[in-house]
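To start, the structure itself, in structure tokens.
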């Protein structure tokens, strides 16, 4: 957090560029000099091979190639995923075109497929989850950074990160047996009594539905938003805080003017990352959302998401068109999450990269 | 203050009051929110311990599932199946990930290409796991015409690569350059320097990264649904459908039978203990690494 550390770390990335090449070239020159002195007048393939080997140049080349291949394999994986998903969903792409994403029918029997209800379910449940998780996540980040006494900081941040380590299926299990009854019997009636007039919370409420799914999602994306927004806030230079405090600001004013305003891009990035996670979350959502396609305003009504329709129907799908329609949904999910994540990463980088020293 | 007219003095004190009230209010909100967030965590872990521990017995670890109605039965085959799938995934994903990390840290630092690979890895990290399952299905299951543990392992391996690559890179970046330069200065070829000096120095952190990636995929259900598929019997053949702990929990949780619910809770407890154990190990490793790294 202090200034010297910031300086020493921020200069570190420049060192290799400056120093390594010079040493390498010096070593190469020395080697070249030695070889030049001992080089025979007649070039021989075997000698060249041995020389190359003894100087490690061949091994170096081979090793570098392997590493480059490993690095480029990440591109290959993305391209491969796109390729197999596109080629396996060709049937459905040809049959429905763009209409696939704009029609509401989902009728495996007559072979008529439209993804609109799933898009609606995914968007609504994810946005609701983000709405619930963001204020909490930011409050916790602020608490852990500036308010929390030191001895509590470690345990609490460890606990919140534990939330991220719990597998999706365990959230689902807990959701089915604990959260669903609570929402059905305790929270539901309250919401209906006070917010029923909005038309968002209307009986019958069976506990499984869009609202329960959003609550589970909110719990699941909370650690993502909280830990990344904390990183981003920590990356704001200390002098910003000190300057605002020196002007006589209270802690909240310092956070608002000095920290939140500087880190806002990165915070938005962390929120979008959380959104990306929510969009693709599968198992826990599938277990509590009710799995019924439909576009209704009532949040107690069962819904369906892009990911959960794949999880729920893929193994039972009969017929090539049905399968390829589900794979096309997967392709759409893939492309959307790629775009969402790319935007989020760029925003986070924009903040953390400017002040690399204090980011971690 | 005394120079100000009386009215301004009142305004000033009112503003000060408002500011300090706001400040305290925000502090209070932050504290309450943190407490609120800890509630579901404690609720989940507590309930899981309570339900899981009361349903766990020796048979869970030694028996295969029995048909509905029969008492007893366990998930021994699922534990073994999970181990097989995760072993395969680690075998494929970890070397590839470490290689990519080495490329990023040692060969492509500061280059345009490196930035592109890094960015792609970060984006790949956020791709939903079910899409990985679909990809593995299309690549392997659709070609072979049958479900297999192999396809499940590949799906999980793909998920491990970006995580392992990025942590490896970050850990290698903490290795001080003078150490590398010392090695190069002694005439050691670059590949030896990378293997015996950089990777060696960063190894505790890299192991941490691998364990985290492992813990992350260990609980994944979605990519296994239509790759490994699950199996009610013993199966060691990775080329056949194979049972996995998360899959079994999923199926049992959604079943209408109390006996199966009991087994699902026990399975969840076992799964989470496995994951927590690896995360805790990671913490120990990471702390040791910080001491050993000495920078």
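The values are calculated or read from the model by the stated rules, or taken from the named source; none is laboratory data. Note that this is a predicted model, so its numbers are computed, not measured. Please note: Cβ atoms are built from the backbone with ideal geometry, for glycine as well, and neighbour counts cover all protein chains shown.
Brief remarks follow.
- Residue in the range A:147-156 that is in a helix (DSSP H, G or I), more than 19 Å from residue A:336 (Cα to Cα), under 25 Å from the mean Cα position of the chain (by Cα) and within 9 Å of chain B (Cβ to nearest Cβ) present: yes
- Flag if residue A:170 is part of a helix (DSSP H, G or I), buried (at least 19 other Cβ atoms within 10 Å of the Cβ), facing chain B (nearest Cβ under 9 Å) and free of Cβ contacts under 8 Å to residues at least 60 places away in the same chain: yes
- Selection of first residues in the range B:84-96 that are assigned by TED's automatic domain parsing to the domain that holds residue B:121 and of second residues that are crowded, with 23+ Cβ neighbours inside 10 Å and not in a helix (DSSP H, G or I), restricted to Cβ pairs under 8 Å at least 6 apart or on distinct chains, gives the following pairs, ordered by first then second residue: B:84/B:242; B:85/B:228; B:85/B:242; B:85/B:244.
- Of all residues in the range B:177-197, none are over 16 Å from the mean Cα position of the chain (by Cα), closer than 20 Å to residue B:90 by Cα, surrounded by 19 or more Cβ atoms within 10 Å (Cβ to Cβ) and within 11 Å of another protein chain (Cβ to nearest Cβ).
- Among the residues of this structure, residue B:64 does not count as one that is out of contact with any helix residue (DSSP H, G or I) (no Cβ under 7 Å at 6 or more places or on another chain) and either more than 30 Å from residue A:219 (Cβ to Cβ) or not in a helix (DSSP H, G or I) (or both).
- All conditions but one from (1) within 8 Å of chain A (Cβ to nearest Cβ); (2) under 22 Å from residue A:310 (Cα atoms) apply to residue B:143; the one that does not is (1).
- Residue match in the range A:41-61 (condition: under 30 Å from residue B:119 (Cβ atoms), at pLDDT 70 or above and either outside the structural domain of residue A:326 (by TED's automatic domain parsing) or touching a helix residue (DSSP H, G or I) at 6+ places or on another chain (Cβ under 6 Å) (or both)): yes
- Some residue of the range B:191-203 being in the same structural domain as residue B:244 (by TED's automatic domain parsing), touching a residue at least 24 places away in the same chain (Cβ under 8 Å) and part of a loop (DSSP other than H, G, I, E, B): no
- Only one of the numbered conditions (1) more than 8 Å from every other protein chain (Cβ to nearest Cβ); (2) assigned to a helix (DSSP H, G or I); (3) touching a residue at least 12 places away in the same chain (Cβ under 8 Å) is not met by residue A:292, and that is (2).
- Residue list for the range A:102-134, restricted to those being in contact with a helix residue (DSSP H, G or I) (Cβ under 7 Å, 6 or more places away or on another chain) and surrounded by fewer than 17 Cβ atoms within 10 Å (Cβ to Cβ): A:102, A:103, A:104, A:108, A:111
- Just one of (1) under 30 Å from residue B:163 (Cα atoms); (2) touching a strand residue (DSSP E or B) at 6+ places or on another chain (Cβ under 9 Å) fails for residue A:66. It is (2).
- Taken residue by residue, the range B:77-84 has at least one member that is in contact with a strand residue (DSSP E or B) (Cβ under 7 Å, 6 or more places away or on another chain) and over 26 Å from residue A:335 (Cα atoms).
- Only one entry of A:164, A:243 meets the criterion of being within 14 Å of chain B (Cβ to nearest Cβ) and in a helix (DSSP H, G or I), and that entry is A:164.
- Of everything in the range A:79-101 that is without any contact (Cβ under 8 Å) to a residue 40 or more places away in the chain and more than 13 Å from residue B:134 (Cα to Cα), the residue that is surrounded by the fewest Cβ atoms within 10 Å (Cβ to Cβ) is A:98.
- Taking the range A:98-129 as the range and being under 20 Å from residue A:298 (Cα atoms), in a loop (DSSP other than H, G, I, E, B) and touching a strand residue (DSSP E or B) at 6+ places or on another chain (Cβ under 7 Å) as the test, only A:105 passes.
- With respect to (1) within 14 Å of chain B (Cβ to nearest Cβ); (2) farther than 25 Å from residue A:131 by Cβ; (3) touching a helix residue (DSSP H, G or I) at 6+ places or on another chain (Cβ under 8 Å); (4) at pLDDT below 90, the lone exception for residue A:254 is condition (4).
- Cβ-Cβ distances below 9 Å connect the following pairs, each with a first residue in the range A:50-70 that is more than 10 Å from chain B (Cβ to nearest Cβ), a second residue that is outside any helix (DSSP H, G or I) and modelled with pLDDT under 90, and a separation of six or more residues or different chains: A:51/A:39.
- All of B:121, B:115, B:135, B:157 fail the test of being more than 7 Å from every other protein chain (Cβ to nearest Cβ) and under 14 Å from residue A:77 (Cα atoms), apart from B:157.
- Residue satisfying condition, being assigned by TED's automatic domain parsing to the domain that holds residue A:348, at pLDDT 90 or above and within 17 Å of the chain's Cα centre (by Cα), within set A:222, A:211: A:222
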